[in-house]
1. Tell me which of these LEU616 doesn't satisfy, since it passes every other one: (1) of a type in the set (A, V, I, L, M); (2) touching a residue at least 12 places away in the same chain (Cβ under 8 Å); (3) within 30 Å of ILE471 (Cα to Cα); (4) surrounded by fewer than 17 Cβ atoms within 10 Å (Cβ to Cβ).
2. Going by what's in this entry, would ASN733 be described as surrounded by fewer than 19 Cβ atoms within 10 Å (Cβ to Cβ) and either under 25 Å from ALA657 (Cβ atoms) or touching a Gly at 6+ places or on another chain (Cβ under 9 Å) (or both)?
3. I want to confirm something. Restricting to the stretch 523-545 and keeping residues that are among the hydrophobic types (A, V, I, L, M, F, W, C) and under 30 Å from the mean Cα position of the chain (by Cα), which single residue is nearest to GLN556 (Cα to Cα)?
4. Do we find a residue being in a helix (DSSP H, G or I) and either of a type in the set (Phe, Trp, Tyr) or within 22 Å of ILE451 (Cβ to Cβ) (or both) anywhere in the stretch 356-365?
5. For the structure I just gave you, tell me whether LYS468 is modelled with pLDDT of 95 or more, in contact with a helix residue (DSSP H, G or I) (Cβ under 7 Å, 6 or more places away or on another chain), among the charged types (D, E, K, R) and not in a loop (DSSP other than H, G, I, E, B).
6. Please work out which one of (1) at pLDDT below 95; (2) surrounded by 21 or more Cβ atoms within 10 Å (Cβ to Cβ) is the condition LYS248 fails and give its number.
7. Taking the stated definitions as given, is GLY376 under 26 Å from ILE714 (Cα atoms), in contact (Cβ under 8 Å) with a residue 40 or more places away in the chain, crowded, with 22+ Cβ neighbours inside 10 Å and not assigned by TED's automatic domain parsing to the domain that holds VAL208?
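The values are calculated or read from the model by the stated rules, or taken from the named source; none is laboratory data. What you see is a predicted model, and the numbers here were worked out from it, not measured in a lab. Cβ placement follows ideal geometry from the backbone for every residue including glycine, while neighbour counts extend to all protein chains displayed.
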Amino acid sequence: MRLIKTLKTSTALLSISLLFLMSCKEEPENTLATTTVKDAVDYTAKVYPLLDSENSRWFFFSSANRPFGMVNLNPDTQIGGAWGSGYRYKTDTIKGFSHIHAWQLSGISVMPVTINEHTKEAIYTDFYSKFSHEKEQITPGYHSLELERYQIKTELTSTKRVGLHQYEFPDTSNKAILFNLNTVLGPCENIKGLLEQNTPKELSGKLVMTPTHRRPKPVTVYFKVVLDTEIASFEQDEETKNYLINLKDTARSVTMKVGISYTSVANATANIEKELPNWDFNTIVDESKKEWNNLLSRIEVKGGSEKDQRRFYTDLWHALQGRRIISDVNGAYPDNTGKEFRVGQLPLDANGKPKFNHYNSDSFWGAQWTLNTLWGLVYPEIMEEFTYSLMQYYKDGGLIPRGPSGGNYTYVMTGASATPFMVSAIQKGIVKNDIEEMYQALKKNHMLNGIMGKAGYEHTTNLGGGLKYYIENGFVPYPIPEGDFGSHQDGASMTMEYAYQDWTLAQLAKKLNHTEDYEYFMKRASNYKNVFDTEIWWMRPKNVEGIWKKDYDPYQVENGFIESNGAQSTWFVPHDLKGLASLMGGEEAAVEKLNIQFEKAEKLGFTAGSSHALELHPEYSRIPINFGNQPSIQTSFVFNQLNRPDLTQFWTRKVIAKTFSGLSPSTGYNGDEDQGLMGSLNVLLKIGLFQMNGGTEENPEYQIGSPIFDEITIALNPKYYANGSFKIKTINNSPTNVYVNKVTLNGAPIDNYKVSQSEVVTSGELLLEMSNKPNN
């Protein structure tokens, strides 16, 4: 017989002093609210949160969360494994509601239940409940459904750091809440879960997230629970070590706050006191809606179909998902970069507020074609915050990360992917302070013992990245002679990636008058040429002796190329496409080669299957262009750089229509939606603005594509940009009129399909005349 341990109510766990609460400051004004929401338009109503939810990863699906919130509260239908868990649309069983769905982090799963004397002892292992999508409602910041087994209506919303639950129990029931603090959730186990009762209506606790292959250290999350209903009894199961909170049967409706912190219960409590002092559930839902509306309203589109607009705002919503705050309202944050864990403190402004938030984030691998452009233009305050957060990791641990989790490095993917992101923020004037310090930090990453020398998830050595060979011989060999030290040790891809990132760092060196550094990194930026085989016109791996890989097949996936094949990755030279074309025999030859690849890729829908899990499928993996993963998502704009903008316009519209126009749980991104990257890509393709080199040169350049809307108005943040808005208008636009025959900027003609950063942020209107025939 299962033993149940009854715990006595204790009010002595922690006493949070009034002085401490008064010292907790408001969160920084990153504030995502510098533009006025257009009250007449509810942009959140255009969002379709269920997009691609049949293919969710642990951090993919979002509902009851705020932009970049520490809390990302939503139901879980699958709980085991990061790649097929969280909210999966086709699974009809709720297994809990957890508060953390983040890159390599998971935790604090709760489940409202009803019990009787026959079900009480089994409730710890038998508590799942069916639910129906017919009784489900999801909007940004809100999720509601009915637990059929218990007839409990469950509503969820949140602030940045506090989850807010509202349960409507049946009239005749014994109400309870199960806290599954020791379980498996997504990427890791939750262990050492503890819960203690503080007062008749309050509890507090903590749990440990076990290390993962990517995140090598455990992470502790602390939490505070405040109920509007008194607790009748408090029990722990001896076998599962989980907890059941029986509630007094005084009210049918129960509301619960769950504040979290990665530093202490005290700070979890302070997060509640600051962000959610009241109990008005509907008010919090409205505030969340307003915050999302503030962000979504930054881009107003007119024209296109209703479905086009709904998909567009869903893409824009995804562009702001996945990456999560890990600092408290007072600026305390977890620092796991050293040998011992410590609580760090963010710098405070003159008013005692943290100057920025600290973040958990997947890699910026591919951000040069996505977040760099979208955030830099539409959400510069977010880009600035992330830049300073990345620098905080450098100050703590000595390296700028490419994907931090739990306050530590994960070494996710390869290269120094934060370099283009930070350089872009500087070149666009978003980041103006501490630039020399940032340059030195970025430079360290590009040298031996920096992050560039580490392969994916290589935590203990600096050998798997092959950087010493890249520096000495001009290429990363395949295989790495020293052996297997991590993931993605694909030398040809690494060579090309390092070369591009070196070029972006060289641009910052030039800006700061580091002439020798500029020349050094520009020389390294040409290393991509060393893995191009001029006899077969493909990028090709070579071994440490410089001998080309034998029996090379450019369509064989991960054959010296990271999450791609040689055909896809051959075009990864965003900083020197004219140089690449020269190797191919000239621009006309390069255009013909790429056009043939697009014609072949169209037959497979431009992606390697409908999800990231299918990319190694024998047929899908051989696709010559894959818009489902980062290495070749820029390719339709390559034509623009080779003087064939008509082909950029033609193929981009084809890709949008065939790959990124769906609006259902079964489709959406057809690949690897890594924390907003693919959502950002879609937004850019659909508004017709792109930056091939990630906006990293002086006065960065935007390439003009083929917008799908009649009118696009981008509200510019006045803290960063002088002009109030930038408008793109099209004439005679339609699904068949995809070609841009004439371009004017404020009435002045533009004949090269390009505009500069300074023109975009200080000018008013870009006018595009469309046709069904190319302008040759």
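1. (3)
2. In short, no.
3. Selected residue: MET539.
4. no
5. Considered against the rule, which asks whether it is modelled with pLDDT of 95 or more, in contact with a helix residue (DSSP H, G or I) (Cβ under 7 Å, 6 or more places away or on another chain), among the charged types (D, E, K, R) and not in a loop (DSSP other than H, G, I, E, B), LYS468 comes out as no.
6. Tallying (1) at pLDDT below 95; (2) surrounded by 21 or more Cβ atoms within 10 Å (Cβ to Cβ), LYS248 fails exactly one: (2).
7. Criteria met by GLY376.
For every residue, the table says whether it meets (1) out of contact with any Pro (no Cβ under 8 Å at 6 or more places or on another chain); (2) surrounded by fewer than 20 Cβ atoms within 10 Å (Cβ to Cβ); (3) modelled with pLDDT of 95 or more.
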| position | (1), (2), (3) |
| --- | --- |
| SER725 | yes, yes, yes |
| LYS729 | yes, yes, yes |
| THR762 | yes, yes, no |
| LEU766 | yes, no, yes |
| ASN775 | yes, yes, no |
